[in-house]
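Just below is one structure, and these are the notes that go with it.
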Amino acid sequence: MPPQTSIKVRGYLLDVYQHVNNARYLEFLEEARWCYLEERGDVAWFEAHHLAWVIVNININYRQAATIGQELVIHTEFAKFGGKSAVIQLQIKLAGTDQLIAAAAFTFVCLDQRSGKPMPIEGELLARLQSAS
């Protein structure tokens, strides 16, 4: 099973229509992505290698509204590796069900913080990312 992050829908997350606003889902997805990185030790590894994950594209498909009191579970996994980019897929589901609330794909590059340029995803970097999929 892919790594997962849980989020409880609280009143402050709702909009005037009493459901989670579309912009909040991006916050949920970012929380899941950071939890994923922290759990794997990637934050420290990337920092030690002067690399940064830089998102270059985000695609979110909304399937169903989430409302107050619901618990959401976000599953995170690598889906694709390219020459200089990779894709992480995330699915937000209602906890305890297969009910899909939203699905997203984040495309990112690994930026060399010293040069400011994307690094090829190969060698040790590729092996580390593939170990997560």
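Would you point out which residue out of Trp34, Trp45 is more than 21 Å from Ala102 (Cβ to Cβ) and of a type in the set (Phe, Trp, Tyr)? Before you say what the answer is, go through the steps one by one.
On the way: Trp34 fails: more than 21 Å from Ala102 (Cβ to Cβ).
Going through Trp34, Trp45 in turn, just one is more than 21 Å from Ala102 (Cβ to Cβ) and of a type in the set (Phe, Trp, Tyr): Trp45.
Are there any strands (runs of 3 or more DSSP E) wholly within the stretch 27-113 with 3 or more residues that are open to solvent by less than 30 Å² (accessible area, probe 1.4 Å) and closer than 20 Å to Ser131 by Cα, and if so which? So that I can check it myself, show each step before the final result.
Working: elements: 51-62, 71-81, 86-94, 100-112.
Correct list: 71-81, 86-94, 100-112.
Yes or no, residue by residue, for (1) modelled with pLDDT under 95; (2) within 24 Å of Ala127 (Cα to Cα); (3) β-branched (Val, Ile, Thr):
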| residue | (1), (2), (3) |
| --- | --- |
| Ile7 | no, no, yes |
| Arg10 | no, no, no |
| Asp15 | yes, no, no |
| Asn21 | yes, no, no |
| Tyr25 | no, no, no |
| Trp34 | yes, yes, no |
| Glu38 | yes, yes, no |
| Trp45 | yes, yes, no |
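Consider only pairs whose beta carbons are under 6 Å apart and that are at least six residues apart or on different chains; among these, list those whose first residue lies in the stretch 65-88 and is in contact (Cβ under 8 Å) with a residue 60 or more places away in the chain and over 16 Å from Glu39 (Cα atoms) and whose second residue is surrounded by fewer than 16 Cβ atoms within 10 Å (Cβ to Cβ) and among the basic types (Lys, Arg).
Between residues of the stretch 65-88 that are in contact (Cβ under 8 Å) with a residue 60 or more places away in the chain and over 16 Å from Glu39 (Cα atoms) and residues that are surrounded by fewer than 16 Cβ atoms within 10 Å (Cβ to Cβ) and among the basic types (Lys, Arg), the close pairs are Glu71/Lys8.
The values are calculated or read from the model by the stated rules, or taken from the named source; none is laboratory data. Treat the numbers as computed from the prediction; the structure is a model and nothing was measured. Counting neighbours? That spans all protein chains shown, and the Cβs are built from the backbone with ideal geometry, glycine included. Side chains included, ligands, DNA and RNA excluded: accessible areas come from the protein's heavy atoms. Shrake-Rupley method; radii C 1.70, N 1.55, O 1.52, S 1.80 Å.
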